[in-house]
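K.L.:
Please see the structure below; I have some questions.
The values are calculated or read from the model by the stated rules, or taken from the named source; none is laboratory data. These numbers were taken from a predicted model, which means no experiment stands behind them. Here the Cβ positions follow ideal geometry from the backbone for every residue, glycine too, while neighbour counts run over all protein chains shown. With ligands, DNA and RNA removed, areas are computed over all heavy atoms of the protein, side chains included. Shrake-Rupley method; radii C 1.70, N 1.55, O 1.52, S 1.80 Å.
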Amino acid sequence: MIDTHTHIDFKEFDDDREEIIKRFFDGGGEKLINVGCTLESSKRSYKLAKNNENIFASAGIHPHDADTVDENVLKMIEEIAMHYKTIAIGEIGLDFFKSTTSREIQVQAFRAQLELAQNHNMPIIIHCRDAYNDLINILEEYKTSNWKGVIHCYTASWEIAEEFLNLGFFIGFTGIVTYYKDKTEPNEEPEIYRTIKNMPLDKILIETDCPYLSPIPERGKRNEPLFVKHVAEKIARIKKTSFEEIENQTNKNAIKLFNIGL
Ligand code: NI
């Protein structure tokens, strides 16, 4: 299993970070990507990655912190991005749900970091909430033939997912997919089921977004990378296939997108 989106640098793991990492790798975890969301967390991510062969880092400023982005910060993000264990720019994007940062500032910071990723030919990790139209319009503008990335923690419709696939993106699913009960009537199915059923297997990534979004049966606890297996199990059930197939295919997808093979 590859957990493609963790925040194990967060203070929630200060007391047992090494233990959590060990639990993941002992429990069948192969690699994990720790995602930066501020300058400080991007630095911490890189440090974690440097000290652990199978941990990789991304560097970027989350839309909630878009107002911290200036030339100096961008330069430092770029420096972190140039290190060999930093494999993506992110998480970057737009969040119009309840952000205290204005839309204009978010868009500016997003564009600046997209350009950074393109200049260095790096994949991007995107956070998007209640801003899909704006996000797709911006991505269209920057589209190139080798454009690549993931829309992380995806919860929206198949129609919107299709637009991202057409732009060349992968789609990442978290423990949120486990929050819904299986219904026997197809018309009672949650939208996310329809999205997953329609998703080509070779475009799916799995992630925890830990310490947040603990999947069932761990819901209510702090999330950790090992729990990504519950996301894979649920996707396997929705797609009526085996856990092993989801594990193998999502591994391949993550290795391809982030270039983290041997
Ligand atoms: Ni995140």
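K.L.:
Is there any pair linking a residue in the range 198-210 that is open to solvent by less than 10 Å² (accessible area, probe 1.4 Å) to one that is assigned to a loop (DSSP other than H, G, I, E, B) and within 13 Å of the ligand (Cβ to nearest atom), with Cβ under 6 Å and at least six apart or on different chains, and which?
P.N.:
Going by the 6 Å Cβ cut-off, the qualifying pairs are GLU207/THR174; THR208/ASN223; CYS210/ASN223.
K.L.:
Still on this model: Collect the residues in the range 60-74 that are in contact (Cβ under 8 Å) with a residue 12 or more places away in the chain, of a type in the set (Asp, Glu) and surrounded by fewer than 17 Cβ atoms within 10 Å (Cβ to Cβ), keeping them in residue-number order.
P.N.:
Of the residues in the range 60-74, the ones in contact (Cβ under 8 Å) with a residue 12 or more places away in the chain are 60-69, 73-74.
Keeping just the survivors that are of a type in the set (Asp, Glu) gives 65, 67.
The answer is ASP67, and nothing else.
K.L.:
Test each condition in (1) open to solvent by 20 Å² or more (accessible area, probe 1.4 Å); (2) more than 14 Å from the chain's Cα centre (by Cα) for PHE56 and report the one that comes out false.
P.N.:
For PHE56, the exception is condition (2).
K.L.:
If you take the residues of the range 18-34 that are under 17 Å from PRO211 (Cα atoms) and touching a Leu at 6+ places or on another chain (Cβ under 6 Å), which of them is surrounded by the fewest Cβ atoms within 10 Å (Cβ to Cβ)?
P.N.:
My answer is ARG23.
K.L.:
Continuing with the same structure: Only one of these is within 16 Å of the ligand (Cβ to nearest atom), out of contact with any Gly (no Cβ under 7 Å at 6 or more places or on another chain), acidic (Asp, Glu) and at negative phi: GLU40, GLU71. Name it. Can you show your working first?
P.N.:
Values: GLU71 fails: within 16 Å of the ligand (Cβ to nearest atom).
The conditions single out GLU40.
K.L.:
Scan the range 239-262 for residues that are over 18 Å from the mean Cα position of the chain (by Cα), in a helix (DSSP H, G or I) and surrounded by 15 or more Cβ atoms within 10 Å (Cβ to Cβ) and jot them down.
P.N.:
Hit for the range 239-262 is PHE243, nothing else.
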